[in-house]
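The structure appears below as structure tokens.
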Amino acid sequence: MKFHPYILALIVLFAGCKSAKESVVSTTPIIPKSNFTALELQTWYQKDYLTDSIPGISLDKWFSQNKKKSGREVIVAVIDTQVDINHEDLKNQFWTNQKEIANNNIDDDHNGYVDDIHGWNFTSNKNQDYITWGNFESVRFIRKWDPVFKDKTEQQIQPEDLANYKEYQRALKVYSKENASYTNWINSLNHSIELFPIIKDTLKSYFPKEDYTYKQLDSLYKKYKINDKTYRQMRDSNDRDLGALIYYMMVNVRNNEGTLDALKESQAELDSILNKNLNKNFNDRIIIGDNPEVLEKGYGSGNISITKKGLKNIQGHATKVTGIIAANRQNNIGVKGVAQNAKIMSLNISYSGDENDKDIAMAIYYAVDNGAKVINMSFGKEFSVHQQWVSDAFKYAEKHDVLLVHGSGNERFNVDENPYYPSDNNFDGTPEVSANFINVGSTSSRLDKTFVSAFSNYGKKNVDLFAPGEQIYTTAVGNAYKSDSGTSLAAPIVSGTAALIWSFYPNLTAIEVKQIIIDSGTTHNIEVILPGTKEKQIAFSELSKSGKVLNVYNAMKLAEKLSKQKK
């Protein structure tokens, strides 16, 4: 009997690492679930495909069979934004530096950081002012190499500088494209703001309560054949025809900018992108007051959860990531993290812009030196000004048996062909920097051609495996809970799994834990739409090194087997 490719699941459990490999393969036909209840939508990624018909990570299955087991504490460093440390589902889940006395302005444990109670904020100063806007890395790269390469041809470049020259040229292209895109965007917003009063008055004739939806607006203007290209032409010619005005509002509503306040908020944000993120003359380190060209301890502050009125709140991202890993599983509120015994060491390096290589490296050193076993890195960028600093930090983590987990990125491209940092790959043909790095792509709850998230990066060489990263329900700022999507959310599911493994099997090494996670994944024999294309399909197995999706149940079984073999 030949099964339909979308319902044939090959669940493969490899007893890898130092033991001989064996496999258990199930070819039971299962019809993937397509209609979810509200609760299933919130918990889908923790489900088991064989028992629930949902392609999750089989976390619930493992916990249901191991209710009486209790593991040891494992520290997971989350290198990310600031975090809501007082969230009801997270407040007892943070690592505490027992050697440090809070708020005495003394480095009690002599680790180079004053009052580092729950981690460190590398993006603030001692007055607790913090970076809200930073440069894109392409801008930093151009600024660094402009004095050497500006207006020069490749023939004028010395052989030892050729690689940096090519990266410089690539940075110029990215910068030019982004600058043009954001400039066009803000011009559209400026025009919409100018016309907004006229549009509102016009639409009042049709919607006195101003309660229109996109669908209603679409029905109203249906006799006008207008598309995005025509809209730009109308904008440039300042067209105030009825159809044009309706379409202006349709664009605003589609972009969640249906009010004047929303438009002005977007305008302010785009203005900051152009004048800060993309401004080669903007110095994003003035607030901190450090020397960005020197690796050093101590800059920043111990407050990992700063909130100041009037400044952009940047706690959201890390709060979501932290909840996935370590939200309290026993308090019967909110969500359940992957690893109950994980304690989060919060290390702040992210803001609106690209992370600085100095902060990435110093955060890794801090995490390793202060006892973290897993480091989650849910951030990325297309350039790296000081890649060697980060590579050296990777090697330091490897030497000290610490696992690095990274989200592969949301650019919809092949990371074998398009550099994406931080990475264990130098993208120059040389061997990998270290063996303790896991790069994670994102999957959805749909076991069909859209199984791989449309936004996810991929790579047969440089993405290790996939994990759920689409519509993940987790903790949010202010005791809230929200669903979000991105490889940023797939990575902490893997980090939580690594912490769960070490919680029960501490005699395993970082390299062994990495191999267990990869070898024990689920193989789905299906074709999926290649991210970045509309309909091109490719075998799911070709989008990562392992061709698999994380499976916690299998990983814990394999970890148990290997751990016993080592005793």
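The values are calculated or read from the model by the stated rules, or taken from the named source; none is laboratory data. Note that the structure is predicted; figures quoted are calculated from it, not measured. All Cβ positions, glycine included, derive from the backbone under ideal geometry; neighbour counts span all protein chains shown.
Things to note:
- Within region 163-182, if we keep just the residues that are out of contact with any Asp or Glu (no Cβ under 9 Å at 6 or more places or on another chain) and surrounded by 13 or more Cβ atoms within 10 Å (Cβ to Cβ), the residue that is farthest from F141 (Cα to Cα) turns out to be Y182.
- Sole residue being farther than 29 Å from G486 by Cα, part of a loop (DSSP other than H, G, I, E, B), out of contact with any Pro (no Cβ under 7 Å at 6 or more places or on another chain) and modelled with pLDDT under 95, chosen from I287, I314: I287
- Residue in region 512-530 that is part of a loop (DSSP other than H, G, I, E, B) and closer than 24 Å to L403 by Cα present: yes
- From V78, V83, residue being assigned to a strand (DSSP E or B) and out of contact with any Phe, Trp or Tyr (no Cβ under 8 Å at 6 or more places or on another chain): V78
- Scan of region 145-180 for residues that are among the aromatic types (F, W, Y) and either outside any helix (DSSP H, G or I) or in contact with a Ser or Thr (Cβ under 6 Å, 6 or more places away or on another chain) (or both), ordered by number: Y175
- Top-ranked residue in region 387-428 [being acidic (D, E) and not in a helix (DSSP H, G or I); ranked as modelled with the lowest pLDDT]: D428
- The condition of being at pLDDT below 95, under 30 Å from S350 (Cβ atoms), among the β-branched types (V, I, T) and not assigned by TED's automatic domain parsing to the domain that holds K264 does not hold for T123.
- Condition check for S563: free of Cβ contacts under 8 Å to residues at least 60 places away in the same chain and within 18 Å of K460 (Cα to Cα): no
- Count of region 460-511 residues, restricted to those that are closer than 25 Å to E73 by Cβ, out of contact with any His (no Cβ under 8 Å at 6 or more places or on another chain) and assigned to a loop (DSSP other than H, G, I, E, B), is 5.
- Restricted to region 199-253, and to residues there that are in contact with a helix residue (DSSP H, G or I) (Cβ under 7 Å, 6 or more places away or on another chain), at pLDDT below 70 and not aliphatic (A, V, I, L, M), the residue that is nearest to N187 (Cα to Cα) is R235.
- E100 farther than 25 Å from S445 by Cβ, charged (D, E, K, R) and assigned by TED's automatic domain parsing to the domain that holds K557: no
- Condition met for I526 (of a type in the set (V, I, T), surrounded by fewer than 18 Cβ atoms within 10 Å (Cβ to Cβ) and farther than 19 Å from A339 by Cα): no
- Of the set (1) at pLDDT 95 or above; (2) closer than 30 Å to N86 by Cα, all apply to G478 but (1).
- Region 254-263, subset in a helix (DSSP H, G or I) and more than 10 Å from S192 (Cβ to Cβ), residue modelled with the lowest pLDDT: R254
- Scanning region 358-365 turns up no residue that is in a loop (DSSP other than H, G, I, E, B) and surrounded by fewer than 24 Cβ atoms within 10 Å (Cβ to Cβ).
- Applying the criterion of being part of a loop (DSSP other than H, G, I, E, B) and among the aliphatic types (A, V, I, L, M) to the residues of region 372-386, the residue that is nearest to P419 (Cα to Cα) is V385.
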